[in-house]
1. Go through H325, H330, H338 for me and flag whichever is within 16 Å of S80 (Cβ to Cβ) and at pLDDT 90 or above.
2. Tell me, which strands (runs of 3 or more DSSP E) wholly within segment 188-304 include 3 or more residues that are crowded, with 19+ Cβ neighbours inside 10 Å?
3. Could you pull out the residue among L48, L62 that is touching a Lys or Arg at 6+ places or on another chain (Cβ under 9 Å), hydrophobic (A, V, I, L, M, F, W, C) and either at pLDDT 85 or above or over 25 Å from E129 (Cβ atoms) (or both)?
4. Only residues that are modelled with pLDDT of 85 or more and either under 24 Å from A389 (Cβ atoms) or in contact with a Cys (Cβ under 7 Å, 6 or more places away or on another chain) (or both): list them for segment 344-358, please.
5. Which condition from (1) over 27 Å from F268 (Cβ atoms); (2) assigned to a strand (DSSP E or B); (3) modelled with pLDDT under 95 is the one that R170 breaks?
6. Only one of L316, L323, L360, L365 is touching a Phe, Trp or Tyr at 6+ places or on another chain (Cβ under 7 Å), surrounded by 14 or more Cβ atoms within 10 Å (Cβ to Cβ) and touching a residue at least 40 places away in the same chain (Cβ under 8 Å). Can you tell me which?
7. T56 versus (1) in contact (Cβ under 8 Å) with a residue 24 or more places away in the chain; (2) part of a loop (DSSP other than H, G, I, E, B): which is the lone unmet condition?
8. Considering each of P121, P182, P164, P159 in turn, give the residue that is out of contact with any Lys or Arg (no Cβ under 8 Å at 6 or more places or on another chain), modelled with pLDDT of 90 or more, farther than 26 Å from E37 by Cβ and surrounded by fewer than 14 Cβ atoms within 10 Å (Cβ to Cβ).
Amino acid sequence: MLIRFSIALALVFGPAFAAESITRKSGKFEITLRLPEGGLFPQEEQQLEFRVADSTNVDPVLGAAPVIRARIRGAIDMPSMPGMAKFQDIAHPEGVAGDYGLHPTFAHGGEYRLRMEIEPPGEKPFSVEFPLNVEDTAPKRKNLAKPFRLEMSASPKNPKAGEPVVLTLRYRREPTPGVPRPDQKPNEVITKFERVHEELMHLIVVRRDLGEFAHQHPQLDDSGTFRVTYTFPSAGEYHLFADAAPLGAGSQILMAKLKVGGKAGEPFQLARARGAATPASPIKVQLDSTSGLPTRKTIAVQAAVTDESGRAVTDLQPYLGALGHFILIHEDGETFVHSHPDEREPGAGRNGIIPFLVRLPKPGLYRGWIQVQRDGKVITTPYVLEAAAAGGAQ
């Protein structure tokens, strides 16, 4: 009797890893989302499990009857950034009747939304929504499975500063342990991508000390290979962040490292660059705050754009689908943040004020580059921001 009761509990409440559950109702159906113990994290393949049950058919021990063979399509987006690529997939049945699963990857921490279109057998389809709070990667956290890996090569193989080099990049699918996916081939080269902010890939190139920065857009061929020709300005170790969205998988930010020989550039001292003046340019971009910023919390950092006479610039042009881009990299050289204006405000930037939604995952110094466009020219302004150790997750 005890054994039977234990099995019943497992059937009703699902696997032990579920630390939190959220239930939504639509007519006679109950949909219960079970979140992983410890929460959700970015840049890792996550496991979301949910149960679909019929509340009009209740067993006194097992509870509401499971709905099997339902057609379920899931989509995950970020309401504050509608321009981000969505994760979309068809839910697969789990081992327990009525249980289904999705395996999304999140680009970064923040507040997301899961929307599911559910069609039970012989019933009309309906939709439900769930909020998803994604934490920021903890420093000591061991990463779980990643759905993709970045394969990069350079020609010539040993590039030198001041000489053009052809960079070749491919996204390959990583196998997911314990999750059979007959529709996906492990190690296959991804050939189909969604266009995000007008490009199929954004490649951010920085020197390890954050003294050099470039924003490139490699071109994709039919084989799934991205190529771009780039000339590194100085020697050193470079970190290349590829930001692309395989079809239906959402944004996948992957990094590769490359050593560049030749003449070394001036070493960059990040700590000394705090409060540095804006480089000479036709416009000035001034942030309202650069220090004491909270970690693991989404905040609006206001950027005021003025001309040489101090008047607000109201004729900024969209650049890559937005009125500005704010790319930040932590002093560790590996933590990447790509912020955009708050797209919930249609008039943002038209009055010379751009509210960038920034989420800094860990304390320390960040070097950031704000990019805006005016008169057909892209203007890049560097900043150093400091995130405080205190600050709760939003």
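1. Just one listed residue meets the conditions, H325.
2. 201-207, 236-246, 252-260
3. Criteria check complete, one pass: L48.
4. Result: F356, V358.
5. (3)
6. When all the criteria are applied, what remains is L360.
7. Failed condition: (2).
8. On inspection, the qualifying residue turns out to be P164.
The values are calculated or read from the model by the stated rules, or taken from the named source; none is laboratory data. None of these values were measured; they are calculated from a predicted model. Ideal geometry is used to build each Cβ from the backbone, glycine not excepted, and the neighbour counts take in all protein chains shown.
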